[in-house]
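Here is the structure we will look at, set down as structure tokens.
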Amino acid sequence: MKDLAGALTAANAAVFSSLGLETKHADVRRSDRPDLGEFQCNGALAAAKAAGKKPPEIAQAAAAAWSATDLAAAPTIAGPGFLNFNVTPTAVSKRAQFVADDARAGASTVEHPRRVVVDYGGPNVAKGMHVGHLRASIIGESIKRIYRFRGDHVWGDAHFGDWGFQMGLVITALEDELGGFDDRAKLDARLEKLTLDQLEAIYPEYARRVKEGDIGVRDRARKATAALQSGSALHREIWKRMHDVSMAAQKRDFASLGVDFDLWLGESDADPLIPDMVKDLDAKGLLEEDQGARILRVAGPGEKKKKKLEDGTVVEVESPDPLLVVSSEGSAMYGTTDLATILQRVRDQNPDFIIYCVDQRQADHFEQVYRAAAKAGYIAREKLEHVGFGTMNGPDGKPFKTRAGGVLKLGDLIGQAVEKARERLKENEIGADFSAEEFEKVAHKVAIAAIKFADLSNARTTSYIFDLDRFMSFEGKTGPYLLYQAVRIKSILRKAQEQGTKAGAIAIEHDAERTLALALDAFDGALAAAYDKKMPHFLAEHAYTLAQAFSGFYSHCPILPSEGGVRASRLALAGAALKQLTLTLDLLGIAVPERM
Ligand code: ARG
């Protein structure tokens with residue numbers, strides 16, 4: 001069944017075409033002026049322009065040609081020719097009934113399902129997760145779920161960062177710590193005891209040394225990277241241990257965050273494809289020598305940007321920068337593994353579309369990779385999309401850091417949030433009668449809901465300030481508020497069941513019922529917008545509107561104290577609201593507890 005906007009559009013298109021107007025102008029949407037009408041069509045203006053007539057004339061003709069139906073009365077006209085519609089109580093009731101009966105709560109599926117890889121999360125061995133990874137995980141998980149729910153065949157891939165210079169750097173640090181790798185027993189004993197915390201302590205220290213100009217360390221790390229990539233058994237063994245320790249810890253953190261990948265592949269998995277790929281790029285004449293390195297130019301003629309040199313002079317250089325394919329040490333670079341990963345995905349998943357949910361600051365990198373892939377004929381450019389996002393900032397407006405100034409660790413963040421959730425639950429006198437185990441489970445769900453909803457309720461391209469106190473509030477546009485509303489409906493439905501009261505046919509009468517029914521109707525549109533734009537905040541917004549509509553309904557329209565058909569109808573509405581709210585939250589990666 002079409003949603004109400006879709007049904008109105010179809011009816012309006014018939015009217016437009018009977019008047020000889022193009023139907024593409026007949027679109028009816030939810031109104032942003034509900035005082036004038038619940039739905040609106042602004043197309044009379046464009047249709048008039050196309051037909052060389054005056055907008056009011058066209059609008060009047062359209063309104064006159066509309067015959068009142070089960071769906072809506074004829075539209076009224078506002079301003080220079082806006083058509084405003086109100087749907088009939090019958091249409092609203094029918095639609096709400098459909099949502100109540102439908103397992104998908106009124107959500108449609110795409111006409112032509114695609115094969116889609118969502119590349120998100122992107123944690124690195126040794127480097128620790130920073131805010132960028134947190135957002136990538138939360139947003140990517142939601143996009144994956146939205147795509148899957150709409151009917152696409154979707155793979156989520158963590159694209160583990162396990163192959164670059166950082167690996168050589170940590171291997172070098174370990175070499176220093178042990179005074180070399182000659183003593184095999186000593187090395188084995190060290191590897192045995194290696195933890196993620198140690199790796200995450202080693203990396204920043206050595207990264208800092210390189211950044212501060214320690215050429216010795218830099219060159220040894222480069223050599224170690226090259227040795228690893230050219231197959232040195234010793235380097236591979238050390239790498240494997242670091243990789244496994246890191247991955248095990250990160251899998252735990254992701255599970256706790258409710259983020260779940262279908263593929264846990266990494267950069268290293270694309271490595272076997274690189275030698276042939278480089279040969280192929282070479283054979284296609286795409287590689288150029290550049291100071292000992294091999295690069296692939298991706299800028300078109302005339303694509304230039306200004307660049308300031310060290311001595312202050314400004315020159316024009318090609319833009320985007322060329323992709324560095326092989327370094328002068330012979331190592332594969334970040335872009336090289338990304339290019340090879342495209343080949344790997346084409347081979348293994350044959351995707352129609354690959355979404356990269358990665359920090360906006362990597363936009364240039366992806367533009368280089370995508371152009372290179374298209375130039376090499378590996379995949380069409382339009383099948384690749386970088387879905388970027390802003391940063392999560394601290395109170396100072398800069399990317400969030402811990403109080404000690406370090407990067408945030410995901411496990412610590414979740415721990416903090418759970419602690420705060422416990423406090424809030426106690427303040428609100430929730431869960432006093434729960435077992436310790438249930439209380440902990442609820443606190444964890446509240447914590448994750450707070451973190452995720454705070455992130456996803458912002459348009460992903462904007463940055464936002466991390467404020468756990470605000471995220472954790474039980475009032476306002478927060479995750480905990482939405483969980484609380486969902487749980488409240490659950491308890492009403494439980495009570496109804498205990499009383500043996502059954503839901504029945506929906507008949508919308510009261511205004512608050514109508515508002516709730518119209519909110520239920522809006523789900524499919526919100527889902528489609530989230531899908532088309534890869535913007536989960538449309539669904540976050542929907543969840544909030546729905547929860548508020550339910551709240552208004554509940555305070556004006558008693559459910560259990562009412563009787564007969566009214567009670568049955570209201571109970572059905574409450575059931576529909578719960579089903580849709582739970583589904584919407586699930587698409588955001590948020591799970592609802594049984595009670596709280
Ligand atoms: N590991 C990368 C980083 O930490 C993110 C990976 C994103 N995905 C990709 N295909 N490059 O910056």
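Taken together, the values in this text are just the output of simple stated rules run on the coordinates, not laboratory data. Fair warning: this is a prediction, and the values are worked out from it, not measured in the lab. For neighbour counting, all protein chains shown are included, and Cβ atoms are generated from backbone atoms with ideal geometry for every residue, glycine included.
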Please work out the FRET efficiency for the pair residue 181 and residue 310, using the Cβ-Cβ distance as r and a Förster radius of 45 Å; give the result to the nearest 0.05.
0.75
For residue 441, give me every one of the lysines with a C-alpha distance below 18 angstrom, ignoring sequence neighbours fewer than eight places off in its own chain.
420, 426, 452, 490
Assuming a viscosity of 1.306 mPa s and a temperature of 10 °C, what translational diffusion coefficient in µm² per second does Stokes-Einstein assign to the chain, Rh being the Kirkwood radius over Cα pairs?
58
Exactly which GluC sites (Glu not before Pro) in the range 460-552 are in a DSSP loop and have at most 13 other Cβ atoms within 10 Å?
475, 509
So who's got an amide H within less than 5 Å of the one on residue 266, skipping anything under 5 residues away but keeping other chains? H placed 1.01 Å off N, in plane.
160
Given points 7 Å out from each Cα along the Cα-Cβ axis, report the residue 64 to residue 438 separation in nanometres with one decimal.
6.7
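With runs of 4+ DSSP H residues as the only contributors, calculate the mean residue ellipticity of the chain at 222 nm using -39,500 (n - 2.57) per run, divided by the residue total and rounded to the nearest 500.
That comes out to -17500 deg cm²/dmol.
Which GluC sites (Glu not before Pro) does the range 390-456 hold that lie in a coil by DSSP with at most 15 other beta carbons within 10 Å? If you can, show how the numbers build up before the last one.
Values: sites: 419, 423, 427, 429, 437, 438, 440; in loops: 429.
Filter output for the range 390-456: 429.
State to the nearest 20 debye the size of the charge dipole of the range 17-160 about its Cα centre, where the only charges are +1 on K and R beta carbons and -1 on D and E beta carbons.
In debye, rounded to 20, the range 17-160 gives about 340.
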If the limit is 18 Å between Cα atoms, which of 144/375; 24/94; 409/477; 398/477; 383/534 go over it?
144/375; 24/94; 409/477; 398/477
List the residues whose amide H sits under 5 Å from the amide H of residue 72, counting only those 5 or more places along or on another chain, with H placed 1.01 Å from N in the peptide plane.
88
Hey, can you grab everything whose amide H is under 5 Å from the amide H of residue 298? Only 5+ residues off in sequence or another chain; H modelled, so Pro and N-termini drop out.
323
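What does DSSP give for the chain in terms of the percent of beta bridges that are antiparallel, rounded to the nearest 5? Display every interim value, and only then the final one.
On the way: 23 of 42 bridges.
Taking every DSSP beta bridge within the chain, about 55 percent pair in antiparallel fashion.
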For residue 141, what charge total do you get from the other residues with a beta carbon under 10 Å from its beta carbon, if Lys and Arg give +1 and Asp and Glu give -1?
+2
Provide the net charge surrounding residue 590, with neighbours chosen by a C-beta distance below 12 Å and charges set as Lys +1, Arg +1, Asp -1, Glu -1.
0
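Among residues other than residue 571 whose Cβ falls under 11 Å from its Cβ, what is the net charge (Lys/Arg +1, Asp/Glu -1)? Don't skip to the end; give the middle numbers.
Numbers: positive: 495, 502, 567, 570; negative: none.
Result for the local shell: +4.
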Can you work out the Karplus-derived ³J(HN,Hα) for every residue in the range 376-386? Use 6.51 cos²θ - 1.76 cosθ + 1.60 with θ = phi - 60°, whole Hz, and x for glycine or proline.
7, x, 7, 6, 6, 4, 6, 8, 10, 9, 8
Listed by chain and number, the aspartates and glutamates with an alpha carbon less than 20 angstrom from that of residue 53, same-chain partners under 8 positions apart left out, are 22, 27
For the chain, with the dipole built from +1 on Lys and Arg beta-carbon atoms and -1 on Asp and Glu ones, taken about the Cα centre, which of 431, 330, 268 lies farthest toward the positive end?
431
Karplus ³J(HN,Hα) for the range 423-438 (6.51 cos²θ - 1.76 cosθ + 1.60, θ = phi - 60°; Hz, whole; x = Gly/Pro) runs 4, 5, 4, 5, 3, 8, 6, 9, x, 4, 9, 7, 5, 4, 5, 5
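May I ask you to list the GluC sites (Glu not before Pro) in the range 309-366 that are in a DSSP loop and have at most 11 other Cβ atoms within 10 Å of their Cβ?
310
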Please list, in order along the range 113-118, the HN-Hα scalar couplings obtained from phi with the Karplus expression 6.51 cos²θ - 1.76 cosθ + 1.60 (θ = phi - 60°), rounded to whole Hz, x for Gly and Pro.
x, 10, 9, 10, 9, 10
